[in-house]
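Everything below concerns the one structure shown next.
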Amino acid sequence: MTTTTRTQPATTASLPAQAISEEVLLEKYAKGDERTIDDVRKRVASALAAAEAPEARAHWETRFLRALRDGFIPAGRINSAAGTELTATLINCFVQPVGDSIAQDDDGHPGIYTALTEAAETMRRGGGVGYDFSRIRPRGAWVVSTQSNASGPVSYMRVFDRSCETVESAGSRRGAQMGVLRCDHPDVEEFIHAKDRGDLANFNISVGLTDTFMQAVLADIELVHRAEPGPAQKEDGAYQQADGGGLWVYRKRRARDLWDQIMRSTYDHAEPGVLFLDRINVDNNLSYCESIAATNPCAEQPLPPYGCCCLGSIDLTRFVHEPFEDRARFDTAGFAKLARVAVRMLDNVLDVTVWPLPQQQAEAANKRRVGLGFTGLGDALVMLNLHYDSDAARQMARHVAEAMRDAAYEASIELARERGAFPLFNPDLFLSGSTFASRLPHPIRERIRSHGLRNSHLLSIAPTGTISLAFADNASNGIEPAFSWSYTRKKRMPDGGFKEYAVEDHAWRLYRHLKGEAAPLPPAFVTALELSAQAHEAMVAAVAPCIDTAISKTVNVPADYPYADFQHLYFDAWESGLKGLATYRPNEVLGAVLSTNPSATPAEPLQIADANRRLALERLPAPVLSSLRWPGRPDLPSGNPAWTFMVHHPFGDFPLLIGELAAPDGG
């Protein structure tokens, strides 16, 4: 009798986890005896249900756990610290005000070193911090109290940079910072180039651009500050405006020249990004009671002084049914249902978290900002057979964003009916003018007017690097397309060094799992580096009108991407109504966090006589050794007279040889 073994067909559910996902989960998010994703989910669900009435906690804990299993991924701070004994915040995003004084209050802005202390406490508790340094007087400005010249905002940024490097965030998380300087600050050129040579390594930086600047790219712009210039600057032509509220004009520059510096610097060094300040403030639901000049470190949250926001993302790949098939479809109803529960979970975060500073707690209590977003858009489009750079893909992304917007606002209305509206809610001002809320669908606006709204802001698309890796099988990050189907990721280790890991994209793994290793990839499989910069920007422009705060978006381009195709990108973003943008092109200073596997032929080993070397390389530090070859090696019969040192650097260990080679004639 013959026994036949029947192989079960591969399904989405049978896709095994990849090792890097399990390692990241255990290192960053699992606590105590936790070993699986579900262990973490149970802890988080229980912690967030604690904000509910005692008689309803068990019900909501079950609902929250189901939401987590269905694809809602709270931000890293929540997964890491909720329900633990850590005195760490569950909030990812903060903005720290900074005044123009060493220690004294400056019109409601703390002095520089007071701000430094407050920021250090925020980072120590796990939060990332953004700053607007524009109030700090320019380099060379006159300081009356000490009869001396100021050193300028960039010099103080270096102090904040070293503090961030020194302060270890809760859970061994490295601090993150965003530095912003307005385009009309007299030190803006120094700021633009502040990271050209690797300085300020613990900062992302962005120039705050105004509509006036953008409209004047072919005219002059005045670089101004309220602080009086120093004697040397006055001799160079600085003067006080007659009708500008006492502002001093330090000098004039062609706006186009500043613009070209921004674009060339971001092309060469991946910094600075840009923030369109007028667009941010015009669109702000709370423009009637706050002004925004900075964002959190990844720019998905423009925030006022002491502003803060908790984040969470929904994995879109979980809502694609029959992936890669002609009948592939997106479950909009299921997605919207999950979004409603996710809003309640994020609202609860604000009540159960530890707050680093009382000012942050008060700010959150008055406005109750939350930021629900999505991740895995690039992979979901591939699974729906949609090329990222296509009208159909942009229409689908817009459809998903609209569904999330409507579900989130409806959920916040229901929370307002149950728990009350946020304290600074004013329906007439909230729903009027040019605010995001004024453009909501009419039925939603009418319900807000009748019942109020629990949260001033509800939507934000954040980067989701490690949570996507740990909880979503490395689905594509946020709004981004996949970087590569398989690649090497540099992972920062606790000792400050890096370790490289092979990583595979979720959609690619799933396709191979379902279709086989030999199946050709369909046209929808397109990676970030295969897309034009304009294609990246166009996707953000399609989704941005549905997001009430902002979208963290980095336009990744290859090292050989032509500058001619790149230089208009930020201007196009402004014309599209975006609130900001950042780019990344691999460069000598930063290298690449993610890199595709090299295919170059390795260099042949160097043949060196024993008498002529002091350092033996047991393996080649590929692929760079071939670039270090010299055209002809000197003959040293007595051996190498140089001293040899090993330089230990986060990018690797390098030999340094110091010596002197005398000329043949002895001179």
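The values are calculated or read from the model by the stated rules, or taken from the named source; none is laboratory data. Owing to the predicted nature of the structure, the values given are computational and were not obtained by experimental measurement. A quick note on method: Cβ atoms are made from the backbone with ideal geometry, for glycine too, and the neighbour counts reach across all protein chains shown. Areas reflect the complete protein model, heavy atoms only, side chains present, ligands, DNA and RNA absent. Shrake-Rupley method; radii C 1.70, N 1.55, O 1.52, S 1.80 Å.
The number of residues in region 94-108 that are within 23 Å of the chain's Cα centre (by Cα) and in a loop (DSSP other than H, G, I, E, B) comes to 3.
For (1) touching a strand residue (DSSP E or B) at 6+ places or on another chain (Cβ under 9 Å); (2) of a type in the set (A, V, I, L, M); (3) open to solvent by 10 Å² or more (accessible area, probe 1.4 Å); (4) not in a strand (DSSP E or B), each residue gets a yes or a no:
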{"residue": "GLY126", "(1), (2), (3), (4)": "yes, no, no, yes"}
{"residue": "ARG137", "(1), (2), (3), (4)": "yes, no, yes, yes"}
{"residue": "GLY140", "(1), (2), (3), (4)": "yes, no, yes, yes"}
{"residue": "SER145", "(1), (2), (3), (4)": "no, no, yes, yes"}
{"residue": "ARG162", "(1), (2), (3), (4)": "no, no, yes, yes"}
{"residue": "HIS185", "(1), (2), (3), (4)": "yes, no, no, yes"}
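Residues of region 495-530 that are farther than 25 Å from VAL24 by Cα and of a type in the set (Lys, Arg): LYS515 alone.
Condition (residue is under 17 Å from ARG340 (Cβ atoms) and in contact with a strand residue (DSSP E or B) (Cβ under 8 Å, 6 or more places away or on another chain)) applied to region 80-95: is it met by at least one residue?
Within region 80-95, the subset under 17 Å from ARG340 (Cβ atoms) is none.
For region 80-95, residues under 17 Å from ARG340 (Cβ atoms) and in contact with a strand residue (DSSP E or B) (Cβ under 8 Å, 6 or more places away or on another chain): absent.
Assessment of region 189-211 against the conditions (outside any loop (DSSP other than H, G, I, E, B), under 27 Å from CYS309 (Cα atoms) and open to solvent by 60 Å² or more (accessible area, probe 1.4 Å)) yields at least one matching residue. When LEU258, LEU311 are checked against the criterion of being part of a strand (DSSP E or B) and either of a type outside the set (Ser, Thr, Tyr) or over 30 Å from PHE471 (Cβ atoms) (or both), a single residue qualifies: LEU311. Might you let me know whether region 410-419 holds any residue that is over 24 Å from the mean Cα position of the chain (by Cα) and either part of a loop (DSSP other than H, G, I, E, B) or at positive phi (or both)? No: region 410-419 contains no residue that is over 24 Å from the mean Cα position of the chain (by Cα) and either part of a loop (DSSP other than H, G, I, E, B) or at positive phi (or both).
Table: residues versus (1) over 14 Å from ILE20 (Cβ atoms); (2) among the charged types (D, E, K, R); (3) in contact (Cβ under 8 Å) with a residue 12 or more places away in the chain.
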residue	(1), (2), (3)
THR435	yes, no, yes
PRO443	yes, no, no
LEU459	yes, no, yes
GLU500	no, yes, yes
ARG512	yes, yes, no
PRO522	yes, no, yes
ALA535	yes, no, yes
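The rows are residues; the columns are (1) touching a Cys at 6+ places or on another chain (Cβ under 9 Å); (2) small (Gly, Ala, Ser); (3) surrounded by fewer than 19 Cβ atoms within 10 Å (Cβ to Cβ).
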{"position": "ARG344", "(1), (2), (3)": "no, no, no"}
{"position": "ARG368", "(1), (2), (3)": "no, no, no"}
{"position": "GLY373", "(1), (2), (3)": "no, yes, no"}
{"position": "MET383", "(1), (2), (3)": "no, no, no"}
{"position": "ASP389", "(1), (2), (3)": "no, no, yes"}
{"position": "ARG398", "(1), (2), (3)": "yes, no, yes"}
{"position": "ALA401", "(1), (2), (3)": "yes, yes, no"}
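Being modelled with pLDDT under 95, among the hydrophobic types (A, V, I, L, M, F, W, C), part of a loop (DSSP other than H, G, I, E, B) and open to solvent by 30 Å² or more (accessible area, probe 1.4 Å) is the requirement here; does ALA559 meet it? Judged against the criteria, ALA559 is a match.
Here's the yes/no breakdown for (1) open to solvent by 10 Å² or more (accessible area, probe 1.4 Å); (2) in a strand (DSSP E or B):
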site: ALA232; (1), (2): yes, no
site: ASP243; (1), (2): yes, no
site: ILE262; (1), (2): no, no
site: SER265; (1), (2): no, no
site: LEU275; (1), (2): no, yes
site: VAL282; (1), (2): yes, no
site: GLU290; (1), (2): yes, no
site: TYR306; (1), (2): yes, no
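Checked against (1) out of contact with any Asp or Glu (no Cβ under 9 Å at 6 or more places or on another chain); (2) of a type in the set (S, T, N, Q); (3) in contact (Cβ under 8 Å) with a residue 24 or more places away in the chain, SER291 passes all but a single condition, namely (3).
Meeting the requirement of 2 or more residues that are under 30 Å from HIS59 (Cβ atoms), the helices (runs of 4 or more DSSP H) wholly within region 324-407 are 332-352, 358-367. If you go through region 29-65 and pick out every residue that is charged (D, E, K, R) and in contact (Cβ under 8 Å) with a residue 60 or more places away in the chain, you end up with 2.
Within region 123-144, the set of residues being modelled with pLDDT of 95 or more, touching a helix residue (DSSP H, G or I) at 6+ places or on another chain (Cβ under 9 Å) and closer than 30 Å to LEU86 by Cα comprises VAL129, TYR131. Here SER486 clears all of (1) in contact with an Asp or Glu (Cβ under 9 Å, 6 or more places away or on another chain); (2) at pLDDT 95 or above; (3) hydroxyl-bearing (Ser, Thr, Tyr) except the condition numbered (2). Just a yes or no: is a residue in region 369-386 closer than 19 Å to ARG344 by Cβ, out of contact with any Leu (no Cβ under 8 Å at 6 or more places or on another chain) and of a type in the set (Gly, Ala, Ser)? Checked against the condition, which is being closer than 19 Å to ARG344 by Cβ, out of contact with any Leu (no Cβ under 8 Å at 6 or more places or on another chain) and of a type in the set (Gly, Ala, Ser), region 369-386 yields no hits at all. A residue that is under 24 Å from THR84 (Cα atoms), in contact (Cβ under 8 Å) with a residue 40 or more places away in the chain and touching a strand residue (DSSP E or B) at 6+ places or on another chain (Cβ under 6 Å) occurs somewhere in region 350-368. Would it be correct to say that LEU65 is surrounded by fewer than 23 Cβ atoms within 10 Å (Cβ to Cβ), over 20 Å from ARG369 (Cβ atoms) and of a type in the set (A, V, I, L, M, F, W, C)? Here the answer is yes, as LEU65 does meet what is asked. With a requirement of 1 or more residues that are surrounded by fewer than 20 Cβ atoms within 10 Å (Cβ to Cβ), modelled with pLDDT of 95 or more and of a type outside the set (A, V, I, L, M), the helices (runs of 4 or more DSSP H) lying completely within region 421-479 that satisfy it span 427-430, 442-451. Among the residues of region 1-60, those identified as at pLDDT 90 or above, among the polar types (S, T, N, Q) and over 25 Å from the mean Cα position of the chain (by Cα) are THR36, SER46. Within region 295-315, count every residue that is of a type in the set (A, V, I, L, M) and touching a Phe, Trp or Tyr at 6+ places or on another chain (Cβ under 6 Å). Residues in region 295-315 being of a type in the set (A, V, I, L, M) and touching a Phe, Trp or Tyr at 6+ places or on another chain (Cβ under 6 Å): 1 in total.
Looking only at residues of region 480-528 that are more than 22 Å from the chain's Cα centre (by Cα) and among the basic types (Lys, Arg), we find that the one that is surrounded by the most Cβ atoms within 10 Å (Cβ to Cβ) is ARG509. Here the condition is being on the phi > 0 side of the Ramachandran plot and over 19 Å from the mean Cα position of the chain (by Cα); of GLY111, GLY152, it holds for GLY152 alone.
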